[in-house]
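Trainee: Right, I'll just put the structure down here and ask away after.
The values are calculated or read from the model by the stated rules, or taken from the named source; none is laboratory data. Everything numeric here is computed off the predicted structure, so don't read it as measured data. Ideal geometry is used to build each Cβ from the backbone, glycine not excepted, and the neighbour counts take in all protein chains shown.
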Ligand code: G6P
Ligand code: MN
């Protein structure tokens, strides 16, 4: 029997997760599912939790769904703890996005300044969770979906003894895009992935075991199969650039490669229908209206308008690979441990790894191609400083984190953004 605990249980994504566990009950016999949230999220927890209970009942499974704000009770004897929480809720995200945009700087949830700020709020909360886990369920796995997932995972690796993996819907979405182009099942696609969270590149793309990398890159150049996440504007990379790159980039890479267009797009968007955070707040509101309907007993189609659609495929298949000692290959955020010599051993990377009961064993990748090496290394420097700032609350470190990010145009703007961020985030920054 398995006890799963989800922090941020009141999230709109909960039906996605429950649906994943219901579909995989044969391999993951979950007997207790605990959805935990803080007092401020209790109303949402009750609504989405009741839907989760209806979903399980409909499936006729002997799984109990507990709703609670008592984190300690939930954690005791947990086997897997997953997190999908948002410190400061959508309001904080909206500030993360809107403040940089005022200065013409990218305002995005995880890339650049927004990711820095989200990490400052999130890392203390996740490390506090780890302290509780060390006491109450020291052998449990922490499967983290909370963004910025790569940065948060590295902080947990550095500052706790809890076993952890960071997950993202991104790599799976790339595989789904390839499968669509070739009209095959997702399982028929394999690709090698390397980079950092929301900064990955794929190559060695195989469909049913045949290498199609060159062919697929040409299709991409012709506008076919470009990675598309719901949360990222649908602007294509130039064909000549795609051919030159010769790798399949996650759509987040457009923030770097089409920087000016993407900032202009976000500015325009924020003036017309609001920042992505304002849009997702509205999507959430509508989702919760649906969730309230006592007739609803399944994950609604509307959830697909969120960027994290299908995230349970990633989460559940990785949990199953650990639980069943599957020795399968998945894309996870985990310590580099020499997968590439171009990053520190103790840096978290997003990579293919063999997953078994002991966790992730990253596959050897070798040197990062020079065309992507510098970008990955400089974003990693930003990540390291971001973690140090989040743990120490040191202003100078925070300023340096923002200043070294490749998308920060000048350091005086970094300072202005930081100062505004610190004011509006005051309630969430005990370390500063
Ligand atoms: C992608 C990322 C997730 C992120 C989501 C944002 O799927 O992989 O890490 O949370 O997009 O989507 P949203 O609908 O919140 O803008
Ligand atoms: Mn992600």
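Trainee: If you take the residues of the range 229-250 that are without any contact (Cβ under 8 Å) to a residue 40 or more places away in the chain and within 20 Å of the chain's Cα centre (by Cα), which of them is nearest to residue 214 (Cα to Cα)?
Mentor: Here the answer is 234.
Trainee: Assuming residue 353 fulfils every condition listed in (1) within 16 Å of ligand 2 (Cβ to nearest atom); (2) within 22 Å of residue 20 (Cβ to Cβ) apart from one, which condition is it?
Mentor: Here residue 353 clears every test but (1).
Trainee: If you don't mind, another one. Restricting to the range 112-133, count the residues that are touching a strand residue (DSSP E or B) at 6+ places or on another chain (Cβ under 8 Å) and within 15 Å of residue 407 (Cα to Cα).
Mentor: Total satisfying the criteria: 0.
Trainee: Provide a single number: the residues in the range 288-308 that are within 11 Å of ligand 1 (Cβ to nearest atom) and either surrounded by fewer than 16 Cβ atoms within 10 Å (Cβ to Cβ) or part of a helix (DSSP H, G or I) (or both).
Mentor: Of the residues in that region, 3 qualify.
Trainee: Turning to a different aspect of this structure: Run residue 325 past the list (1) touching a strand residue (DSSP E or B) at 6+ places or on another chain (Cβ under 6 Å); (2) surrounded by 14 or more Cβ atoms within 10 Å (Cβ to Cβ); (3) assigned to a loop (DSSP other than H, G, I, E, B) and report the number of the one that doesn't hold.
Mentor: Against the list (1) touching a strand residue (DSSP E or B) at 6+ places or on another chain (Cβ under 6 Å); (2) surrounded by 14 or more Cβ atoms within 10 Å (Cβ to Cβ); (3) assigned to a loop (DSSP other than H, G, I, E, B), residue 325 comes up short only on (2).
Trainee: Considering only residues that are under 19 Å from residue 334 (Cα atoms), more than 11 Å from ligand 2 (Cβ to nearest atom) and part of a loop (DSSP other than H, G, I, E, B), which ones fall in the range 139-185?
Mentor: Matches in the range 139-185: 139, 140, 160, 161, 162.
Trainee: Right, another one. Output the residues belonging to the range 195-213 that are in contact with a strand residue (DSSP E or B) (Cβ under 9 Å, 6 or more places away or on another chain) and more than 16 Å from ligand 2 (Cβ to nearest atom).
Mentor: Within the range 195-213, 203, 204, 205, 206, 207, 208, 209, 211, 212, 213 qualify.
Trainee: Tell me, please, whether a residue that is touching a strand residue (DSSP E or B) at 6+ places or on another chain (Cβ under 8 Å) and farther than 21 Å from residue 84 by Cβ can be found in the range 382-390.
Mentor: no
Trainee: Which condition number does residue 266 fail, the rest of (1) part of a loop (DSSP other than H, G, I, E, B); (2) within 16 Å of ligand 1 (Cβ to nearest atom); (3) more than 18 Å from the chain's Cα centre (by Cα) being met?
Mentor: (1)
Trainee: Criterion first (within 16 Å of ligand 1 (Cβ to nearest atom) and either over 30 Å from residue 386 (Cα atoms) or within 19 Å of the chain's Cα centre (by Cα) (or both)) does residue 314 satisfy it? Steps first, please.
Mentor: Details: within 16 Å of ligand 1 (Cβ to nearest atom): yes; either over 30 Å from residue 386 (Cα atoms) or within 19 Å of the chain's Cα centre (by Cα) (or both): yes.
So residue 314 passes the test.
Trainee: What is the number of the single condition among (1) within 16 Å of ligand 1 (Cβ to nearest atom); (2) modelled with pLDDT of 95 or more; (3) buried (at least 23 other Cβ atoms within 10 Å of the Cβ); (4) assigned to a helix (DSSP H, G or I) that residue 331 does not meet?
Mentor: (4)
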